[in-house]
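Okay, so here's the structure we're looking at.
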Amino acid sequence: MSSPLSVLVTAEVNEGNLSPITLELLGSARDLAEKLGGKVVCALLGNGVAGIAQQIIAQGADQVIVVDAPALQDYLSDTYTRVMEEVVRQTEIEIVLLGHTSMGRDLGPRLAFRLGAGLATDCIELDIDSGSKQLMATRPVYGGNARATFATDTHPQMATVRSKAMTPLPLDPSRQGEIVTLSAMPDLKAGLILSDRVKEEIKGVKLEDAPVVLGGGRGLGGPEGFQLLDDLARVLKGAVGASRAACDNGWWPASAQVGLTGKIVAPDLYVAIALSGSSQHMAGCSGSKTIIAINKDPEANIFKESQYGVVGDYKQVLPAFAKRIKELLEE
Ligand SMILES: Cc1cc2nc3c(=O)[nH]c(=O)nc-3n(C[C@H](O)[C@H](O)[C@H](O)COP(=O)(O)OP(=O)(O)OC[C@H]3O[C@@H](n4cnc5c(N)ncnc54)[C@H](O)[C@@H]3O)c2cc1C
C-alpha cells in the first residue's frame, strides 16, 4: 500500500484532538523517512476521527490510514493490537513509531510480539545508519547516567518515543497527502471494556506545555517553599515542577515530578531552584532553551547545566528575582 522503507506513526487522539506526541512523532518520522528515501505513513484509529486525517498530512504525513469504528472509541489493548497488526501487515512498513505513553507502552510490546519485531522503548533520539539503513534508537540507561543506542535486524523495526524528545514540524496546510480508509478489519468486538476514565485535574498551565517552568528541589525545605514558586509561576504564566526528592517528601504532587522517572519538559525558560541538578533530574529538563539556577552551593552540579546562575539562599534570592520580574512585566 505504501512505498518500501516507509515510517509508520501510530496516532493518539485525545477528546477528538491529536495528542502532542503524535505531532512530535510525525516530525521525527519525516526526518527518518527522508534519510531512508521513503514515506511517512500514519495509522489513525478511533471513532469519528476521519476528520483529523488532513491535519496529520499538514503535520508531515504522506499517507494516513484511517480505521474508524465504534469499537475503537477508547484505547483497548486487544482491539488496538489486532487492528495495528493488520495495518502493519497490509503496508510495506520499515519502521513503526509509537509514543512512550500509556497507550504506546501497552501497545508497543504486544504489537512487536505479534510481528516478531525488535522494539526499543523510551527513546530520546532516533536516526538512520547511513550504511545499513537501520534505525538507530537511543535511550537513557543506568538510571539516566548513560545512553545506549540500539539497532535490530528484524522487520519491521519498532520504537516507542518519549514525549518532548522530538520536535514537531510547523503546520503546513498546503501539504498534499493520501487518505486511505480501511474497512475490512477483523471482528472488532472488544474483549475488554473501559469501565472508567479519570482525568488529571490541572490548575493553571499544563507543566509539559508551559513556556516557563520553575523547578523546586529538596533545598526548598518544605511545601511553603513551593508556595513561593507557585505564586511566581502565576505571574509568569508558567508551571511548577519538582525534583523526585521534593515529590517523595510530599511537598509537591508526584504528577509534577520532572526527570527520568517523571515528566519531560522543554520550556523556553527553566528556573532550577534549590535542586542539585542530578542526571536523573536533568534527563527531564535539559532540553529547555535557557536554564537559570539558584543554589546556595557554588559546587552544585546544576551550575554546570545552566546558562545563568545565582549562588545564594533561595529565601533571599527568589523574592528579589520575583520583584524584578514583576517590575519588568509592568514596564
Ligand atoms: C532510577 C532513579 C530515577 C530517578 N528519577 C528521578 C527523577 O525523575 N527526577 C528527579 O528529580 N530525581 C530522580 N532521581 C533522584 C535523583 O538521583 C536525586 O536524588 C534527586 O534529583 C535529588 O533531588 P534534589 O536535587 O531536589 O535534592 P538534593 O540532591 O538533596 O539537592 C538539594 C539542593 O538544594 C540546595 N539547597 C539547599 N538549601 C538551599 C537553599 N536554602 N537555597 C538554595 N539552595 C539550597 C543544595 O545545595 C542542593 O544542591 C532518580 C534516582 C534514581 C536512582
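FYI, it's all coordinate maths here, none of it is from the lab. This structure is a prediction, so every number in the text was calculated from the model and none was measured. Cβ sites come from the backbone with ideal geometry, for glycine too, and all protein chains shown count toward neighbours.
Under 18 Å between alpha carbons, and skipping anything fewer than 8 positions from LYS315 in its own chain: which aspartates and glutamates qualify?
Hits, sequence-local ones excluded: GLU224, ASP230, ASP231, ASP297.
Taking springs between alpha-carbon atoms closer than 10 angstrom, which of GLY277, GLY216, GLY51 fluctuates most in the Gaussian network model of the chain?
Most flexible of the set in this elastic network: GLY51.
What percent do you get for the relative contact order of the stretch 7-62 when only Cα pairs under 8 Å and 6+ apart count?
Value for the stretch 7-62: 42 percent.
Treating only the Cβ atoms of Lys and Arg (+1) and Asp and Glu (-1) as charged, compute the dipole magnitude of the chain about its Cα centre; round to the nearest 20 debye.
Using Cβ point charges on Lys, Arg, Asp and Glu, the chain gives about 500 debye.
Using only the alpha carbons of the stretch 1-75, determine the length spanned along each of the three principal axes and report them from longest to shortest in whole angstroms.
Largest first, the stretch 1-75 extends 36, 25, 19 Å along its Cα principal axes.
When only C-alpha pairs under 8 Å and at least 6 residues apart count, what is the relative contact order of the chain, in percent?
14
Mind checking which aspartates and glutamates have their C-alpha under 19 Å from LYS35, skipping anything on the same chain fewer than 8 residues away?
Within reach: GLU24, ASP62, GLU92, GLU94, GLU125, ASP127, ASP129, ASP153.
How compact and how long is the chain, expressed as Rg and Dmax of its alpha-carbon atoms in Å?
21.7, 66
Name the most mobile residue of LEU44, LEU318, LEU214, meaning the one with the largest mean-square fluctuation, in a Gaussian network model of the chain with Cα contacts below 10 Å.
Highest fluctuation of the listed residues: LEU318.
How do CYS247, CYS123 rank when sorted from fewest to most other Cβ atoms within 10 Å of their own Cβ?
Listing CYS247, CYS123 from fewest to most nearby Cβ atoms yields CYS247, CYS123.
Hey, got the dipole for the stretch 207-330? About the Cα centre, +1 on K and R Cβ, -1 on D and E Cβ, debye to the nearest 20?
I would put it at about 60 debye.
If you stretched the chain out fully between SER130 and ASP78, how much longer would it get, using 0.36 nm times the residue separation minus the C-alpha to C-alpha distance?
15.1 nm
Considering only DSSP beta bridges with both partners in the stretch 1-137, what is the antiparallel share in %, to the nearest 5?
Within the stretch 1-137, antiparallel bridges account for around 25 percent of the total.
Taking springs between alpha-carbon atoms closer than 10 angstrom, which of PRO168, PRO267, PRO319 fluctuates most in the Gaussian network model of the chain?
Most flexible of the set in this elastic network: PRO319.
Work out how far the C-alpha atoms of the stretch 256-324 reach from end to end along every principal axis, then list the three figures in whole Å, largest first.
Principal extents (Cα only, largest first): 31, 24, 21 Å.
Just to be sure I understand: of the beta bridges DSSP finds with both ends in the chain, what percent are antiparallel, rounded to 5?
20
Using amide H atoms built 1.01 Å from N in the peptide plane, name the residues 5+ places from LEU8, or on other chains, whose amide H lies under 5 Å from its own.
VAL41, GLU94, ILE95, VAL96, LEU97
With label points built 7 Å along Cα→Cβ from the Cα atoms of ARG147 and VAL235, find their separation and express it in nm.
Result for the modelled spin labels: 3.6 nm.
Non-local amide H neighbours of HIS100 (under 5 Å, H modeled in plane, Pro and chain starts lacking H): which ones?
HN-HN under 5 Å from HIS100: VAL161, ARG162, SER163.
Could you derive backbone 3J(HN,Hα) for the stretch 286-293 from the dihedral phi with the Karplus parameters 6.51, -1.76 and 1.60 (θ = phi - 60°), listing whole Hz in sequence and x where the residue is Gly or Pro?
Residue by residue, the stretch 286-293 yields 5, x, 5, 5, 9, 10, 10, 10 Hz.
How big is the stretch 6-181 by Rg and Dmax over its Cα atoms, in Å?
Using the Cα atoms of the stretch 6-181, the pair Rg, Dmax is 14.9, 44 Å.
Counting only residues 5 or more places away or on other chains, whose amide H sits under 5 Å from the amide H of ALA272 once H atoms are built in the peptide plane?
HN-HN under 5 Å from ALA272: GLY215, ILE292, ALA293, ILE294.
Picking from ALA274, LEU214, THR290, whose Cα lies most toward the positive end of the charge dipole for the stretch 213-304 (charges on Cβ: Lys, Arg +1; Asp, Glu -1)?
The residue sitting most towards the positive pole is THR290.
How much length would be gained if the chain were fully extended between GLN307 and ARG114, taking 0.36 nm per residue of separation minus their Cα-Cα distance, in nm to one decimal?
So the extension gain works out to 64.8 nm.
Going by Cα centres, the stretch 138-166 and the stretch 13-53 are how many Å apart?
Each part's Cα centre sits 19 Å from the other's.
Just list whichever of LYS263/LYS323; LYS206/LYS263; LYS263/LYS326; LYS164/LYS206 have alpha carbons separated by over 20 Å in the model shown.
With Cα atoms farther than 20 Å apart: LYS263/LYS323; LYS263/LYS326.
Can you give me the relative contact order of the stretch 1-148 as a percent, contacts being Cα pairs under 8 Å and 6 or more apart?
24
Would you mind checking the tilt of helix 20-36 against the longest principal axis of the Cα atoms of the chain, expressed as 0 to 90 degrees and rounded to 10?
60
Extending each Cα 7 Å along its Cβ direction at SER255 and GLU327, get the distance between those two points in nm, one decimal.
Going from the SER255 label point to the GLU327 one covers 3.8 nm.
When the Debye formula is applied to the Cα atoms of the stretch 207-330, each taken as the same point scatterer, what base-10 log of I(q)/I(0) results at q = 0.14, 0.18, 0.22, 0.23 Å⁻¹?
Summing over Cα pairs of the stretch 207-330 leads to -0.49, -0.85, -1.35, -1.50.
Using a Förster distance of 41 angstrom, determine the FRET efficiency expected from the C-beta separation of SER286 and GLU178, and round it to 0.05.
According to the calculation, E is roughly 0.60.
Give the angle, between 0 and 90 degrees and rounded to the nearest 10, that separates the Cα long axis of helix 223-235 from the longest principal axis of the Cα atoms of the chain.
So the inclination is approximately 70 degrees.
When the helix-only estimate is applied to the chain (DSSP H runs of n ≥ 4, each -39,500 (n - 2.57), divided by the residue count), what is the mean residue ellipticity at 222 nm, nearest 500 deg cm²/dmol?
Only helices count here, giving -8500 deg cm²/dmol.
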